[in-house]
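Values in this text are rule-based calculations from the coordinates and carry no lab data. Please read these numbers as outputs of a predicted model, since none were measured by experiment. Here the Cβ positions follow ideal geometry from the backbone for every residue, glycine too, while neighbour counts run over all protein chains shown.
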Amino acid sequence: MLSAREVRGAICLVALATTSVTVACGSTVPASRFASSSENTPQAQGAPGGHGLSAPESPAASGASSAPGQSPPAAVGAGSGASRTATPSAGAQGPAGAAQDAVGGSHAPIQLGLLYAVNDGAQSAGINNGNGFSLKDVVQAFVQSYNASGGVGGRRIEPVYAEMHSASNDYESQTQAACAAFTQDHHVAAVLSNVGYYSENLLTCLSKAGVPVVSGGWEAPDREDAGRFPLLITPVTLLGEARLAAVVDHLAAAGFLLARNRIGVVIEDCPVDQRVYRNGLAPAVQRAGLTVASTYQVRCFQSLQDVGNEASGLQDAVLQFRQSLVDRVMVVSQAAEANLVYLFSEGADGQRYFPGYALSSVTAPTVLALNAPADQLANMQGVGWLPDVDTADPAQAPPTTTGKQCLDRMRAAGIHPVTNADYTYVYGPCDTFTLYDSLLRATAGDATAASIMRALGNVGPRYVSASTVDGRTRISEGRVGAGAGRLFAFVRGRFEYTSAAFSL
């Protein structure tokens, strides 16, 4: 998904696609080639009741208005059945009492913020993400499905919807409007987010209001932001430093990164990415006895208009790396890795330069395969933990028990995944709804932030993800994250896993 999985960018060939903001990626694999929701049960088994649990295997300012000319995302409350659109108002009550107002009784209806991406920038950018339906379709179908079966944690959902549009010229104004809708116009108990865009402003606003966030995207904080935003739960991804260290360690062990290689690193010029390079990638390279021969900083991705500047900058990066005899390329970006790799590969192909690429799941390999030059794809290897993003081989990406349950919900709503991107569009929201439902059940319906985060310590180690390798997750510094990974490479004309699973 050339998508901007974060406020800084992720044109990720899949979601914010080269200019879009979302969470799914995909290659075109017919649905019939994927296991149905009643087949191929993975190792992780769901607990009775099917709430995504298993026995442990082992372990901004709120209230800001939109920028001139920008429409804020629609916030729609569904309490009475008649939808209403709310836009932030200057006289709205501040977020101070949000937690108490949102909780109510343990079986009372619960207001949830539902933030999702609208990938309207992909087509204009010429990116093929391979989606047959939208995130909006999926998120609304989950709300309807859960309400039809008793709600989340036994509480009927009163949704407050907010959208982020990838074609926007200012993503941050959209996050500000969304937070105002969640914390001022409404007082949501939690936000379930599927946007593929990492915004410190949004997280700051929601954190000040005491609102937990469960993200179904692969955008993730670094260790510093993890401390600043303790209510952020990221069940399907890794902390920034851990992700880059995993790529270095496992590709070095596999012989793709060797002492003789000269590594070039493209660093997105956002504060979090600078820290991830300094505190994550650079130490990992040093420990492995490798050499960084050159680095290049590319503009922080915050709007569709930044794509042109990034493309121009990456042409310069290609020339610089080539002159520095770089033969291995890496990217540091919390969400825009796919976009940056795609743009770099286009520039490299034009200059007849063919380095190897050390990647992660954030590159959305199966979507990259739909868009990047074939001669560049041939030199790409990586470490992945998201099968429906990493591999085009359906046998390597069977649905987990949690995934099966969510596929059943979607099919009952008339949503039928076909491509890798379709499955990712289902599995990301699936993890946000299923995990939050599990947490709320563990607290007997108590939605206060303190109760939810305490429950995470018990629920997290047993949670079976719809998105991750074998459904494996683990608790890392208070949040749920991917627990297993596999090596992938472009072989036989497509991306496939090339190793067994290993712990992350």
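Here the extension length gained between Asp408 and Thr291 equals 37.3 nm, from 0.36 nm per residue of separation less the Cα-Cα distance. Near the amide H of Gly478, within less than 5 Å, lie no amide hydrogens of residues on another chain or at least 5 residues away, with H placed in the peptide plane.
Rounded to whole numbers, the Karplus 3J(HN,Hα) couplings from phi for segment 469-480 are 4, 6, x, 7, 9, 8, 7, 9, 6, x, 10, 7 Hz, using 6.51 cos²θ - 1.76 cosθ + 1.60 with θ = phi - 60°, and x at Gly and Pro.
Remark: segment 190-197, residue by residue, has Karplus-estimated 3J(HN,Hα) of 7, 10, 9, 10, 9, 10, x, 9 Hz, where x stands for each Gly or Pro and the curve is 6.51 cos²θ - 1.76 cosθ + 1.60 at θ = phi - 60°.
Along Cα→Cβ, 7 Å out, is where each label goes; now give me the distance between the ones at Asp375 and Gln351 in nm to one decimal. So the two model labels end up 1.4 nm from each other.
In sequence order, segment 230-240 has phi-based couplings of x, 9, 8, 10, 10, x, 10, 9, 10, 4, x Hz under the Karplus curve 6.51 cos²θ - 1.76 cosθ + 1.60, θ = phi - 60°, and Gly or Pro positions carry x. Between Asn309 and Lys136, the FRET efficiency from the beta-carbon distance, with R0 = 35 Å, is close to 0.75.
With the simple spin-label model, which puts each label point 7 Å out from Cα in the Cβ direction, the Phe502 to Leu258 separation comes to 1.8 nm. When you count the other C-beta atoms within 10 angstrom of each residue and take the mean per peptide, 391-403, 179-191 line up highest first as 179-191, 391-403. Length gained on full extension, Gln396 to Val491, computed as 0.36 nm times the residue gap minus the Cα-Cα distance: 32.8 nm. Relative to the 2.2 N^0.38 Å rule of thumb, segment 321-376 has a C-alpha radius of gyration ratio of 1.06.
Simple rule: put +1 on each Lys or Arg Cβ and -1 on each Asp or Glu Cβ in segment 359-504, find the dipole, and look at Asn371, Pro398, Val383; the Cα lying farthest toward the positive end is Pro398.
Stokes-Einstein, applied to the Kirkwood radius of segment 134-184 over Cα pairs at a viscosity of 1.002 mPa s and 20 °C, places its translational diffusion at 170 µm² s⁻¹. Each of Arg454 and Asp316 was given a label point 7 Å from its Cα along the Cα-to-Cβ line. The distance between the two points is 5.4 nm.
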